[in-house]
1. Quick one: residue 70 ticks every box in (1) surrounded by 15 or more Cβ atoms within 10 Å (Cβ to Cβ); (2) out of contact with any helix residue (DSSP H, G or I) (no Cβ under 9 Å at 6 or more places or on another chain) except a single one, so which number is it?
2. Please enumerate the residues belonging to the stretch 248-288 that are among the hydroxyl-bearing types (Ser, Thr, Tyr) and under 20 Å from residue 329 (Cβ atoms).
3. What are the residues in the stretch 43-59 that are part of a helix (DSSP H, G or I) and either in contact with a Gly (Cβ under 9 Å, 6 or more places away or on another chain) or at pLDDT 95 or above (or both), if any?
4. Let me confirm something: among 267, 254, which residue is under 25 Å from residue 204 (Cα atoms), open to solvent by 20 Å² or more (accessible area, probe 1.4 Å) and in a loop (DSSP other than H, G, I, E, B)?
5. Any residue in the stretch 175-195 that is surrounded by 24 or more Cβ atoms within 10 Å (Cβ to Cβ), in contact with an Asp or Glu (Cβ under 7 Å, 6 or more places away or on another chain) and in a helix (DSSP H, G or I)?
6. For the stretch 319-342, give me each residue that is more than 18 Å from residue 217 (Cβ to Cβ) and either open to solvent by 50 Å² or more (accessible area, probe 1.4 Å) or at pLDDT 80 or above (or both).
7. Any idea which residue in the stretch 212-237 is farthest from residue 177 (Cα to Cα), counting only those that are part of a helix (DSSP H, G or I) and aliphatic (A, V, I, L, M)?
8. List the residue pairs whose Cβ atoms are under 7 Å apart, where the first residue sits in the stretch 199-221 and is within 23 Å of residue 270 (Cα to Cα), the second is open to solvent by 20 Å² or more (accessible area, probe 1.4 Å) and of a type in the set (D, E, K, R), and the two are 6 or more positions apart or on different chains.
Amino acid sequence: MSPYALSMLMSSLAVGTIVTLSSHHWFLAWMGLEINTLAIIPLMTKMHHPRATESATKYFLTQATASALILFSTTINAWMTGEWTIMNMTNPTPTVILTLALAIKLGIAPFHLWLPDVLQGLNMLTCLILSTWQKLAPMALMMLTSHQLNTNLLIAMALMSTIIGGWGGLNQTQMRKIMAYSSIAHLGWMILVISFAPSLALLNLLIYLVLTSSMFLMLMTLNSTNTNKLSISWLKTPTLAASMMVTLMALGGLPPTSGFLPKWLILQEMTKQHLGALSALMAMSALLSLFFYIRLSYTISMTSPPNISNSSLTWRKKKNLTYVIPILIIMSATMMPITPTLLLLN
């Protein structure tokens, strides 16, 4: 792809998200979502592969359906209230339609089936954009309207997302599909608490962005797309392979990594809301995700002998790593000690 075309598409992605984040009018927010969708589709199809074309088609149809539902719900709301303001979603019917539309946009269960298939057909950079940057605009709209959304519907989708996100990743060998199911499970934790404490949902989103970005950047550096390639990653860059284990433990939510912080605070908030049974179910569903993260850690660390192999493996990386990856790895591992500061910011 031409650098000029790539810069235009990346700029359009940024503009679309910024328009949605800075808008008070539903039509402007919808327009930003559309710019986002139209900007990422050429990035998806730049590989000229049937799988990439299939992924782009699935993504376009899913996002177009969600955008139509958003426009439909906001039009009904404007017809009933006379206002296009984002904060004014008072009628239950458009609110439920909007919740379902944003769930389709984000890939929350039971509208999650498109996400693993779409990610599997793309390259790692586009997967990174789709799993991080493309979540910002719909999640911002969900946070803005969180006090008016149907809490029971959000709780049901959250529980379903964490269970499906953990269960679906158990039998996967492709790293992109594993990261897709990981994304579904993390989104479940976010929308669980969004009605009770939007600041906790924002904290969870920020930590999710750090962990997912560091994981994808490490997979891009090691050129590992499945578990077989991951098992020889220490032969290429031993330090990065060890760091990947820490990031996987953070994604699973083990203390003292950063991933434990949002889960702990969300379970604490749910207990304060007298939802003890739901907290127990969410904690148990997190164990499903933790299992396949531990399995990946085992694959990295214990399936290759500790000597230089004589087979025709990929050579060690000769280029130096970028400065972004070490910073993200440090943030993945060390946010837990600054919990009191983060709570004061909330």
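1. Result: residue 70 fails condition (2) only.
2. The initial filter retains those residues of the stretch 248-288 that are among the hydroxyl-bearing types (Ser, Thr, Tyr), namely 257-258, 271, 279, 285.
Listed by number, the residues that qualify are 257, 258.
3. Within the stretch 43-59, 44, 47, 50, 51, 52, 53, 54, 55, 56, 57, 58, 59 meet the criteria.
4. Details: 267 fails: in a loop (DSSP other than H, G, I, E, B).
Only one candidate passes the filter, namely 254.
5. So far as the stretch 175-195 goes, yes, one or more of its residues are surrounded by 24 or more Cβ atoms within 10 Å (Cβ to Cβ), in contact with an Asp or Glu (Cβ under 7 Å, 6 or more places away or on another chain) and in a helix (DSSP H, G or I).
6. Step one: of the stretch 319-342, the residues more than 18 Å from residue 217 (Cβ to Cβ) are 336-342.
If the condition is that a residue be more than 18 Å from residue 217 (Cβ to Cβ) and either open to solvent by 50 Å² or more (accessible area, probe 1.4 Å) or at pLDDT 80 or above (or both), then 337, 338, 340, 341 are the ones that fit.
7. From the stretch 212-237, those part of a helix (DSSP H, G or I) are 212-222, 227-230, 233-236; that's our starting set.
Those still in the list that are aliphatic (A, V, I, L, M) too: 215, 217-220, 222, 230, 235.
Numbers: 215: 13, 217: 16, 218: 16, 219: 13, 220: 15, 222: 17, 230: 14, 235: 24 Å.
Applying the filter and picking the extreme gives 235.
8. Short answer, once both residue conditions are applied: 200/269.
The values are calculated or read from the model by the stated rules, or taken from the named source; none is laboratory data. For clarity, every value in this text was computed on a predicted model and none was experimentally measured. Heads up, the Cβs are rebuilt from the backbone with ideal geometry, glycines too, and the neighbour counts pull from every protein chain shown. Protein only, heavy atoms only, side chains kept; ligands, DNA and RNA dropped before computing areas. Shrake-Rupley method; radii C 1.70, N 1.55, O 1.52, S 1.80 Å.
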